[in-house]
Amino acid sequence: MPAVKNNAKANSQISKKKKIIFKLTAIAMPFLLLALLEGTLRLFSYGHNLPLFVTDESCPDCLVMNKYVSERYFTNAANATIGNFEPFKIKKSKGTIRLFVLGESTTIGYPYMHNGAFHRWLKYRLMQMYPDVDFEIINLSLTAVNSYTVLDMAKELDQYEPDAVLIYSGHNEYYGALGIGSTSKLGNQRWVIQSLISLKKLRVVQLAFNTLSTVGRLTGAKGDSVNKSLMERMAADQRIAYQSVKFKTGITQFARNINAACSLLSAKKIPVLISNLVSNEKDLPPFISDRDPSNGAGITYQKGMEAYLKKDSLKARQLFIKAKDQDMLRFRAPEQMDSVITAATKRYPGVYLVDTKKAFESRSVYGILDNSTLLEHVHPNLWGYSLMSEAFFQSLTAHRVIAAKPVTSISVKQLWQQMPITKVDSLFGAYSIAFLKKGWPFNNKKIADPYPRTPEELIAMHMLKNGLPWNDAMDQLMSFYQQKNDKRAMLKVAEAVMLEYPYDPAFYLFAGQLSAADGDNFKAINYWHRAFIIKSSIALAQKLFVLEVKVNCPEKAIDYIDYALKNNPGNGMLLSVRKKLTAIIGINNALKKDPANNLLKEQLKKNYANLENRGN
């Protein structure tokens, strides 16, 4: 009997173990199947890898933004937008200033191609003012995203050694990807949304979302209609009343994400420059007003216009802003967004306010934002983007992100005159806005279709209508200017392409050549020196030596002689030139102490004559 009892007890224990194993197997089986499905999908290259950065194919020691990264944020991959591909070194070079830019369509420079964006205005200005400093300004902005994207990207930036992070975000909080009123939303729970952003990196999750999108297309779901503009596809709830639950939820969402981004970057001691927001107050009536005509955005806007015509600027501005906030179609950020931004700059160390709004107001009649700086509801014109760059420039220098003393200064007016925005870039933006305003929600049918005639107009229209790549457009534009022998226009194209490809020495060389031909030796030296850093050569060192001597910079000229001596040690002519340069440097130092000494001036003149520009 004891043996039977022992056997029964043993069988009972075995049975319990089997039950435990069975339960664990049952629990593990779905995960094993998912893992098997994930592996199979990867094996057959389904879906996309979604890291923030990938290796640049044209520059193996550089990284660029992954063109698929926006799929993290859009529920429908067909709506996912593509940003810029701006390379930066995997290993940051000593002395390089690296800035990352986060935001939305305004931040990426819509509707202008490439160099219209504020960060390119900023980079061009910094390049001219600090010719010996390498600036990497990497714009990670995407069209139709909001603060969830800003926060998600901000989490990854510290490992790439940024000197600062620049943020302009807020207009897309309701209709951008994951917005409260968007077709591309995942509910209102932040932890759910953030979890799904991370899970989107799995191919199984991508398959699930793609399946849902396919079903949406078959059933005619609003966000999956390819026949509508992205603006219309993304806007699900087109009536979000002022101070409603959804309105307040959007403000709360923005506040939590912006504060989280600023908090984590501040904790890592990465300076954050975050801008307040600009939108058209006077020259854009509300899109959708409340059904009660006595208490809607439309009547408020009308009262604002009446006050404006009476030159009651204070009242007009207050009413225009109120009308903008009452607009139920929420493509313009309400004023509370600016309050959130300002509060964040006061709450977190190293987070600074960029007052873009003040820069716009100071150039607007009565300080009321209008078509003088904005194209439609929120996107600046080229003048507006230059002002935006000025606001960020002032903040960068005020907070000593850029601490070096500039070699030269460039005002906003000078920047406006020099910035390499080609006619094709400008026309492409104008054509894009014309077609945008003809559609929803502007519905301005009075706008006539552009009728291109000049070569620049034809190239710009070819880009818009037929998808001509920007690079090919610049090639065609350069050929046209070469035929005309218009060297100034050729230089503008060369500089534009140079900004687009910062690690290709060929574009610096060509821009330097055109600058030298135009008599701008300082700009030629700047561009050739940057080419020399990327790819040094004796021939380029000789050109730089000649120009540095010509502009009386013997200290820099001697560096190129030393480079040549490293490649040709003991060369008598090079050693003789170096000796003369050393003498010139000594005389220059003496003249600094005794600038009225005519004997020293005569010796300097004689030494330069003896040098005979041997680099020629």
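Annotations
- Spacing of the two label points (7 Å from each Cα toward its C-beta) at residue 291 and residue 466, in nm: 5.0
- In sequence order, region 131-139 has phi-based couplings of x, 9, 10, 9, 10, 10, 10, 10, 8 Hz under the Karplus curve 6.51 cos²θ - 1.76 cosθ + 1.60, θ = phi - 60°, and Gly or Pro positions carry x.
- Only helices enter the 222 nm calculation for the chain: every DSSP H run of n ≥ 4 contributes -39,500 (n - 2.57), and dividing by all residues gives -17500 deg cm²/dmol, rounded to 500.
- R0 of 60 Å, Cβ-Cβ distance residue 451-residue 269: FRET efficiency to nearest 0.05: 0.65
- Sequence of 454, 107 once ranked by neighbouring C-beta atoms within 10 Å, starting from the fewest: 454, 107
- Label positions at residue 241 and residue 347, each projected 7 Å from the Cα along the C-beta direction, are separated by 2.9 nm.
- Out-of-range pairs (alpha-carbon distance over 20 Å; input 123/556; 523/579; 556/592): 123/556; 523/579
- In this structure, the amide hydrogen of residue 272, modeled 1.01 Å from its nitrogen in the peptide plane, lies closer than 5 angstrom to those of 165, 351, 352, counting only residues at least 5 positions away or on a different chain.
- Calculated SAXS-style log₁₀ I(q)/I(0) at q = 0.07, 0.12 Å⁻¹ - the chain, Debye, Cα scatterers: -0.55, -1.29
- For region 493-500, the Karplus equation 6.51 cos²θ - 1.76 cosθ + 1.60, evaluated at θ = phi - 60°, returns couplings of 5, 4, 5, 4, 5, 4, 5, 6 Hz by residue, with Gly and Pro reported as x.
- Pairs beyond 31 Å (Cα-Cα), from 269/322; 445/484; 492/535; 67/346: 269/322; 445/484; 67/346
- R0 of 35 Å, Cβ-Cβ distance residue 371-residue 552: FRET efficiency to nearest 0.05: 0.15
- Nonlocal amide H pairs with residue 101, under 5 Å, H built at 1.01 Å: 138, 139, 140, 166
- Unpartnered cysteines - no second Cys beta carbon under 4.7 Å - across the chain: 262, 553
- Here the 3J(HN,Hα) profile of region 523-535, calculated from phi with Karplus coefficients 6.51, -1.76 and 1.60 at θ = phi - 60°, is 5, 4, 4, 4, 6, 5, 5, 5, 5, 5, 5, 6, 8 Hz, Gly and Pro shown as x.
- Under the simplified labelling scheme, the residue 533-residue 435 pair shows an inter-label distance of 3.8 nm, with each label point 7 Å from Cα along Cα→Cβ.
- The calculated FRET efficiency for residue 94 paired with residue 407, based on their beta-carbon distance and R0 = 25 Å, is about 0.85.
- Pair-distance distribution of region 19-133: all C-alpha pairs, bin width 10 Å, starting at 0; shares per bin in whole percent are 11, 27, 29, 15, 11, 6, 2, 0.
- The stretch between residue 37 and residue 215 holds 62.0 nm of extra length on full extension. This uses 0.36 nm per residue minus the Cα-Cα distance.
- Net length available on complete extension from residue 585 to residue 159 is 149.1 nm, with 0.36 nm assigned per residue and the Cα-Cα distance removed.
FYI, it's all coordinate maths here, none of it is from the lab. Values in this document were obtained by computation on a predicted structure and should not be read as measured data. Don't worry about glycine lacking a Cβ; one is built from the backbone with ideal geometry, like all the others, and counts go over all protein chains shown.
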